[in-house]
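Heads up, the thing below is written out as structure tokens.
The values are calculated or read from the model by the stated rules, or taken from the named source; none is laboratory data. This is a predicted model, so every value here is computed, not measured. For the accessible areas, the whole protein counts, side chains as well, though only heavy atoms, and no ligand, DNA or RNA atoms are used. Shrake-Rupley method; radii C 1.70, N 1.55, O 1.52, S 1.80 Å.
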Amino acid sequence: GDSVTQMEGPVTLSEEAFLTINCTYTATGYPSLFWYVQYPGEGLQLLLKATKADDKGSNKGFEATYRKETTSFHLEKGSVQVSDSAVYFCALSNSGAGSYQLTFGKGTKLSVIP
Amino acid sequence: EPEVTQTPSHQVTQMGQEVILRCVPISNHLYFYWYRQILGQKVEFLVSFYNNEISEKSEIFDDQFSVERPDGSNFTLKIRSTKLEDSAMYFCASSERAYGYTFGSGTRLTVV
């Protein structure tokens, strides 16, 4: 079945550092890819998405590019802030396989220190 | 901005008891979902609901689980006889189309 693997956390960075959180996937066909963020005490919020190969999703300074050749969707941000401290989840949805459910990775906890 | 509301935020129940988790989806949404996250593990799909019936369910969603939309605004998840391993954070979500989920803040269920 479909699966998502993302880098283990926790990740601790200083403010203004560069962030990369790796995500790779296994799926049949052409899934849509997502990054969700969970701030402390809150629900899962969609951060960005990409629906086809070479698409770049972006939001709030975060970016991720759908790379079919490497089955990856790595999350990047050039300069993190303390307010970016949260848990980040990579996910896919494979409507081509007849399913709209989301398959999530385990999540990566990011802590940004001043 | 419209929200998905889940109540309670935390529920403690004894093993073997029935529990009902409640969700109020966004009013014009048509698709409804339950997911769960056992502490330290992945967020897992449980069930999706559309047009007053289950459209997909995972192997986790066995006979102990049921969902209902009793009154056109609430969407509930019932666990008939809770086990220790049901302890998890349960997330409700809704969407206008099959994509574009909005998640609630979750209910932390602790089975003792």
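Provide the buried accessible surface between chains A and B in square angstrom, both chains summed, 1.4 Å probe, rounded to the nearest 100.
Numbers: alone 6080 and 6610 Å², together 11150 Å².
What A and B bury together is about 1500 Å².
Among A:K68/B:K42; A:K68/A:K109; A:K60/A:K109; A:K56/A:K77; A:K68/B:K57, which pairs are too far apart, with a Cα-Cα distance over 20 Å? Provide the component values of the computation, followed by the final result.
Details: A:K68/B:K42 23 Å; A:K68/A:K109 25 Å; A:K60/A:K109 18 Å; A:K56/A:K77 13 Å; A:K68/B:K57 28 Å.
Long pairs (Cα-Cα over 20 Å): A:K68/B:K42; A:K68/A:K109; A:K68/B:K57.
Taking all protein chains in place and a 1.4 Å probe, what share, in percent, of the accessible surface of the protein assembly as shown do carbon and sulfur account for?
Details: 5200 of 11150 Å².
On the protein assembly as shown, the fraction of accessible area on carbon and sulfur atoms equals 47 percent.
How much accessible surface area, in Å² rounded to 10, belongs to the heavy atoms of A:F18 with a 1.4 Å probe?
Ignoring ligands and nucleic acids, A:F18 comes out at about 120 Å².
Tell me, what is the percent relative contact order of chain B, built from C-alpha pairs under 8 Å that lie six or more residues apart? Walk me through the intermediate numbers first.
Details: 270 pairs, mean separation 43.7, N = 112.
The normalised contact order for chain B reaches 39 percent.
Using a probe radius of 1.4 Å on heavy atoms only, what accessible surface per residue do you get for the protein assembly as shown? Whole Å² is fine. Don't skip to the answer; put the middle values down first.
Details: 11150 Å² over 226 residues.
Per residue, the protein assembly as shown has 49 Å² of solvent-accessible surface.
For chain B, modelled as a GNM with alpha-carbon contacts under 10 angstrom, which of B:Q64, B:Q14, B:Q41 fluctuates the most?
Maximum fluctuation in the GNM of chain B, among the listed residues, is at B:Q41.
Would you be so kind as to list the residues of region B:53-70 that have their accessible area lowered by at least 50 Å² in the full protein complex compared with their chain by itself (1.4 Å probe)?
Residues passing the criterion (a loss of at least 50 Å², heavy atoms only) are B:E56.
Run the numbers on chain A and let me know its relative contact order in percent, using alpha-carbon pairs under 8 Å that are six or more apart. Provide the component values of the computation, followed by the final result.
Values: 302 pairs, mean separation 41.8, N = 114.
Relative contact order of chain A: 37 percent.
From the gyration tensor of the Cα coordinates in chain B, what semi-axes in whole Å does the equivalent ellipsoid have, largest first, with each one equal to sqrt(5λ)? Walk me through the intermediate numbers first.
Values: eigenvalues 95, 40, 35 Å².
Here the semi-axes work out to 22, 14, 13 Å.
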